[in-house]
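Below you'll find the structure, written out as C-alpha cells, and then a few comments.
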Ligand code: ACM
C-alpha cells in the first residue's frame with residue numbers, strides 16, 4: 001500500500017473498529033446501575049457508555065407545563081456539579097436527554113421507562129410523575145459526585161441499558177411531626193427533597209399535638225399564636241402561616257408529592273385547650289382502666305372553660321375535646337374548613353389516636369363528625385387505626401400503627417389501610433440502645449428490621465386489595481434539627497421507600513444492604529448525616 005493511502009485508511013479503520021465495539025462502562029458505572037434504589041422492576045445493562053458533556057441538551061415532548069417542570073428540576077439537579085448548561089430544547093426529540101410523555105397503559109400514573117444508549121438518554125412515561133421518577137433513577141446512574149453543590153472534575157459517565165419501572169403501591173409516604181418540636185420551612189423542604197429522591201409521593205404533616213399548634217387558623221387565631229408558642233422542653237417555637245403552608249404544598253406538588261395535613265383530635269389537643277378556654281371541659285375522670293393519670297397533666301384540677309397551661313412534656317393520651325360542647329363542634333368545623341380551603345390534595349387527616357380520656361360514646365360521635373366534615377369539604381377522611389371503632393366506610397382511610405384489632409375493624413368496614421407498624425417503621429425509634437436520639441417504646445429498629453416485612457401480610461385478615469401502601473412516621477419528641485432528622489431517616493426511610501415501590505419478589509435484604517452501602521457515598525455529598533449502621537458495609 002502506498003504511504004499516502006495508509007495515512008488515510010488507518011484512521012478510517014480505527015473509526016470502524018471504534019464503532020463496532022462499544023466503549024465499555026467502568027466498574028463504577030456498572031455498580032451505580034446495579035445499585036438503583038428502590039430496586040426497579042426490570043433493569044438490563046447493554047455494555048456501552050454515555051457521557052454527559054457541555055453540549056448535552058434536554059429535549060421535551062410535548063412542550064407543556066408538566067414537561068417544562070420536570071426539565072427544570074433536571075437542570076437544577078445536573079448543573080451545579082457538572083457546570084454544564086443543559087439547554088432546554090422544546091420539541092427536540094434528538095436532544096442528548098429526552099423527556100417524553102407518551103401513552104403506555106402498562107406504566108400507569110407513576111411508571112417510566114429509561115433507555116440509555118450511547119447517543120441519548122430517553123425517559124418516557126404516561127404522566128409527568130413517571131418522568132420525575134425516571135430522573136431520580138438517572139441521578140443514581142451518574143457518579144455520586146453529581147450530588148455535589150460545586151463544579152466537580154469528573155467524567156460524567158453512565159452505563160447504557162434499559163430500565164422499566166413502576167411502583168407496587170400508590171401510597172409511599174413519610175410523616176414529620178412538627179408539633180412536638182417545630183421545624184423551619186427550609187427543613188421541611190429538605191425533608192420533601194430527601195423522600196422525593198427515593199420516589200415517595202406522600203408527605204404527612206402532623207401539625208398539632210398537646211405540645212404545639214403549628215398552622216394558622218384565621219377564625220381561631222390564638223391556636224397558632226399561643227398554642228404554637230412553645231414545644232417539648234419549653235423552647236420558643238412557632239407555626240406556619242397559611243401562606244407558608246401553601247408554599248410547602250406547592251414545593252411538594254412540583255415534586256409529585258401530596259401533602260396530608262393532620263389535626264390530631266379529639267385527644268392530643270392540649271395546645272387548643274390552652275389557647276381557648278371555651279374548649280376545655282375541665283378535669284377528666286378517665287373510665288376505669290383506660291389511662292394512667294399523668295401527674296403533670298395541665299387539665300387536672302383545671303376549671304371548666306378556663307384555658308389549660310401549655311404543655312412541654314412528652315406524655316400522651318390525657319387531653320380531649322368534649323362532644324357535648326357546642327364550641328368543640330364549631331372549632332372542628334372551622335379548623336377543617338380552613339384547612340380544606342388551602343389544601344389542594346384530596347385528604348384530611350383527623351388524627352383519632354390515643355384518645356384515652358375521651359368517653360367511648362364521645363369517640364364514636366367524633367368519628368361520625370369527622371366523616372361528615374370530610375364529606376362536606378369534599379375530602380377523604382384519614383385517621384389513625386382507632387377510627388375503626390367508629391362508623392366509617394369504604395370512603396375512609398385508616399392508618400395502622402399499633403393495634404391490629406382496630407386496623408382489622410376498619411378493614412372490615414371497607415376502609416382502605418395504610419401500613420405504619422410502629423415496630424417496623426416508626427423511625428423515631430432508636431436503632432439500638434446506644435442511638436444518641438430516639439425512643440424505644442415500640443422496638444429498637446435496625447435497618448434490616450425496617451426492611452424485612454411485607455405490608456400485604458403484616459396484619460392478618462386484611463385483604464391486600466385494601467392496602468394503599470406504606471408510611472413511615474417520624475415523631476419529634478427527641479429531635480430538634482435537620483441533623484437529628486437525617487440520622488433517624490437514613491438508612492431506614494430508603495428501606496420503607498423500597499417496600500412501597502418495589503415488587504415483593506424483588507425485595508431482598510442482602511441485595512438492599514449492598515446497594516444502600518453505595519448510596520452512603522451519595523448521602524455524604526448531599527450532606528446527609530446518616531446513621532452508619534453496622535448492618536451495612538459502607539463504601540468510602
Ligand atoms: C401514634 O403513634 N399515636 C399514632
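The values are calculated or read from the model by the stated rules, or taken from the named source; none is laboratory data. This structure is a prediction, so every number in the text was calculated from the model and none was measured. No Cβ is skipped: glycine too gets one built from the backbone with ideal geometry, and neighbour counts run over all protein chains shown.
Does the stretch 66-79 hold any residues that are over 15 Å from residue 122 (Cα atoms) and in contact with a helix residue (DSSP H, G or I) (Cβ under 9 Å, 6 or more places away or on another chain), and which are they?
If the condition is that a residue be over 15 Å from residue 122 (Cα atoms) and in contact with a helix residue (DSSP H, G or I) (Cβ under 9 Å, 6 or more places away or on another chain), then 66, 69, 72, 73, 77, 78 are the ones that fit.
Spot the failing condition for residue 345; the list is (1) touching a helix residue (DSSP H, G or I) at 6+ places or on another chain (Cβ under 6 Å); (2) away from the ligand (no atom under 16 Å from the Cβ), and only one is missed.
Condition (1) is where residue 345 drops out.
Inspect the stretch 452-460 for any residue being within 21 Å of the chain's Cα centre (by Cα), under 26 Å from residue 483 (Cα atoms) and crowded, with 17+ Cβ neighbours inside 10 Å and give the result as yes or no.
No: the stretch 452-460 contains no residue that is within 21 Å of the chain's Cα centre (by Cα), under 26 Å from residue 483 (Cα atoms) and crowded, with 17+ Cβ neighbours inside 10 Å.
If we keep just the residues of the stretch 408-447 that are in contact (Cβ under 8 Å) with a residue 60 or more places away in the chain and more than 16 Å from the ligand (Cβ to nearest atom), which is surrounded by the fewest Cβ atoms within 10 Å (Cβ to Cβ)?
My answer is 435.
How many of the residues in the stretch 145-182 are buried (at least 17 other Cβ atoms within 10 Å of the Cβ), touching a residue at least 60 places away in the same chain (Cβ under 8 Å) and within 22 Å of the chain's Cα centre (by Cα)?
17
State all residues of the stretch 407-428 that are in contact with a strand residue (DSSP E or B) (Cβ under 6 Å, 6 or more places away or on another chain) and farther than 22 Å from residue 168 by Cβ; if no residue qualifies, say none.
428
Take the residues in the stretch 322-348 that are in contact with a strand residue (DSSP E or B) (Cβ under 6 Å, 6 or more places away or on another chain) and assigned to a loop (DSSP other than H, G, I, E, B), then tell me which one is nearest to residue 298 (Cα to Cα).
Filtering first and then ranking leaves 343.
Take the conditions closer than 27 Å to residue 80 by Cβ, touching a helix residue (DSSP H, G or I) at 6+ places or on another chain (Cβ under 8 Å) and surrounded by fewer than 17 Cβ atoms within 10 Å (Cβ to Cβ) and apply them to residue 540. Does it pass?
yes
Does residue 262 satisfy being closer than 29 Å to residue 343 by Cβ, within 16 Å of the ligand (Cβ to nearest atom) and modelled with pLDDT of 95 or more?
It is true that residue 262 is closer than 29 Å to residue 343 by Cβ, within 16 Å of the ligand (Cβ to nearest atom) and modelled with pLDDT of 95 or more.
Within the stretch 104-138, can you find the residues that are at pLDDT 95 or above, part of a loop (DSSP other than H, G, I, E, B) and more than 18 Å from residue 156 (Cβ to Cβ)?
Passing the criteria: 108, 109, 110, 111, 126, 127.
Report yes if some residue within the stretch 224-231 is within 22 Å of residue 175 (Cβ to Cβ), assigned to a loop (DSSP other than H, G, I, E, B) and out of contact with any helix residue (DSSP H, G or I) (no Cβ under 9 Å at 6 or more places or on another chain); otherwise report no.
Looking for residues that are within 22 Å of residue 175 (Cβ to Cβ), assigned to a loop (DSSP other than H, G, I, E, B) and out of contact with any helix residue (DSSP H, G or I) (no Cβ under 9 Å at 6 or more places or on another chain), one finds at least one in the stretch 224-231, hence yes.
Collect the residues in the stretch 350-368 that are within 11 Å of the ligand (Cβ to nearest atom) and either under 16 Å from residue 206 (Cβ atoms) or assigned to a helix (DSSP H, G or I) (or both), keeping them in residue-number order.
Once the filter is applied, which keeps residues that are within 11 Å of the ligand (Cβ to nearest atom) and either under 16 Å from residue 206 (Cβ atoms) or assigned to a helix (DSSP H, G or I) (or both), the stretch 350-368 yields 351, 352, 353, 354, 355.
Would you check if residue 194 is part of a helix (DSSP H, G or I), under 21 Å from residue 428 (Cα atoms) and in contact with a helix residue (DSSP H, G or I) (Cβ under 7 Å, 6 or more places away or on another chain)?
It is true that residue 194 is part of a helix (DSSP H, G or I), under 21 Å from residue 428 (Cα atoms) and in contact with a helix residue (DSSP H, G or I) (Cβ under 7 Å, 6 or more places away or on another chain).
Suppose we keep only residues that are farther than 20 Å from residue 474 by Cα and touching a strand residue (DSSP E or B) at 6+ places or on another chain (Cβ under 8 Å) within the stretch 395-406. Which one would you say is surrounded by the most Cβ atoms within 10 Å (Cβ to Cβ)?
Looking at the filtered set, the residue picked out is 396.
Given the structure, is residue 378 away from the ligand (no atom under 16 Å from the Cβ), farther than 21 Å from residue 315 by Cβ and in a loop (DSSP other than H, G, I, E, B)?
Against the criterion (away from the ligand (no atom under 16 Å from the Cβ), farther than 21 Å from residue 315 by Cβ and in a loop (DSSP other than H, G, I, E, B)), residue 378 qualifies.
Starting from the stretch 305-323, keep only residues that are at positive phi, then list their pairs with residues that are away from the ligand (no atom under 16 Å from the Cβ) and outside any loop (DSSP other than H, G, I, E, B) whose Cβ atoms are within a distance under 6 Å, requiring at least 6 positions of separation or different chains.
Sorted first by the residue in the stretch 305-323, then by its partner, the pairs are 305/277; 305/278.
Would you check which residues across the stretch 140-160 are outside any loop (DSSP other than H, G, I, E, B) and touching a helix residue (DSSP H, G or I) at 6+ places or on another chain (Cβ under 6 Å) and list them?
Hits for the stretch 140-160 are 141, 144, 145, 146, 147, 157, 158, 159.
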